[in-house]
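A quick write-up on the structure given underneath.
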Amino acid sequence: MNYLEYLTVWKKLSSEHQKALTQAAAIRKFAKGTIMHNGGDECTGLLLVCSGQIRAYMISSDGREITLYRLFERDICLFSASCIMNSIQFDITIEAEKDTEVLVIPADVYKKVMEESAPLSNYTNEVMASRFTDVMWLIDQILWKSFDKRLAEFLLSESDIDGTDVLHITHEIIGNHLGNPREVVTRMLKYFQNEGLVKLSRGTIEICDKEGLKRIVEK
């Protein structure tokens, strides 16, 4: 299978440009929990997700994490190849949340084709704009949305992604996603439990009342 066809502009590229990308691209596999890209000093290359799930996050000076966005099958990660964008660097860490297979396109090859191909250049700008939109949405959530709403929304999202109401996730990991200390997450989850919304056990959160969580998000 030619995973490069996941690029929506693939058929608009010249045969020469298709050949250049095909010859340079390589499949890589990452086990769950592996750091795939670490910080703005690296230029790993463009990542096209073939299967699995990856997480892009930032780390504060005091070691706290916050998830910027997550990518799934057919998604493309440009921040791992930020060197292709002049004067732009992103100090972002990318981690495999599940066993993941990606197609890696070396940054120098992608950049050369992008500079010669208007369709690929426009596509790259659209993807970058989409990622910036994700980040701006996150900032809006942090600044203006109360933590109970953010946590309820996160639990519902995790349930949709995993296809189950029983989430095998720790309070610390939730804190890493949302940018809050574990203690804050624990207090709010205990409140949710007292309200009958969730049931807590070691390493597991069972959602008992989805409609109740939705009401918190919408209030």
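The values are calculated or read from the model by the stated rules, or taken from the named source; none is laboratory data. Computed from a prediction, not measured in an experiment: that's the story for all the values here. All Cβ positions, glycine included, derive from the backbone under ideal geometry; neighbour counts span all protein chains shown.
Of the residues contained in region 43-55, one or more are found to be modelled with pLDDT under 85 and surrounded by 19 or more Cβ atoms within 10 Å (Cβ to Cβ).
Evaluation of Ala118 against the conditions (1) in the same structural domain as Ser61 (by TED's automatic domain parsing); (2) at pLDDT 95 or above; (3) under 18 Å from Asp75 (Cβ atoms) shows that the sole unmet condition is (3).
The rows are residues; the columns are (1) in contact with a helix residue (DSSP H, G or I) (Cβ under 7 Å, 6 or more places away or on another chain); (2) in a strand (DSSP E or B).
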site	(1), (2)
Leu21	yes, no
Ile27	no, yes
Leu48	yes, yes
Ser80	no, no
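For Val104, the requirement of being β-branched (Val, Ile, Thr) and either in contact with a Phe, Trp or Tyr (Cβ under 6 Å, 6 or more places away or on another chain) or over 30 Å from Ala24 (Cβ atoms) (or both) is not met.
Residue-level check: of (1) farther than 26 Å from Glu16 by Cα; (2) assigned by TED's automatic domain parsing to the domain that holds Ser15; (3) among the hydrophobic types (A, V, I, L, M, F, W, C), Phe154 misses just (2). When the residues of region 167-214 are filtered to those that are at positive phi and under 24 Å from the mean Cα position of the chain (by Cα), which remaining residue is surrounded by the fewest Cβ atoms within 10 Å (Cβ to Cβ)? Only one residue fits best here, namely Gly203. Inspection of region 144-160 finds no residue satisfying the criterion of being in contact (Cβ under 8 Å) with a residue 24 or more places away in the chain and assigned to a loop (DSSP other than H, G, I, E, B). When you go through (1) free of Cβ contacts under 8 Å to residues at least 60 places away in the same chain; (2) more than 20 Å from the chain's Cα centre (by Cα); (3) closer than 30 Å to Phe192 by Cα one by one for Ala118, which number turns out not to apply? Single failed check for Ala118: (3).
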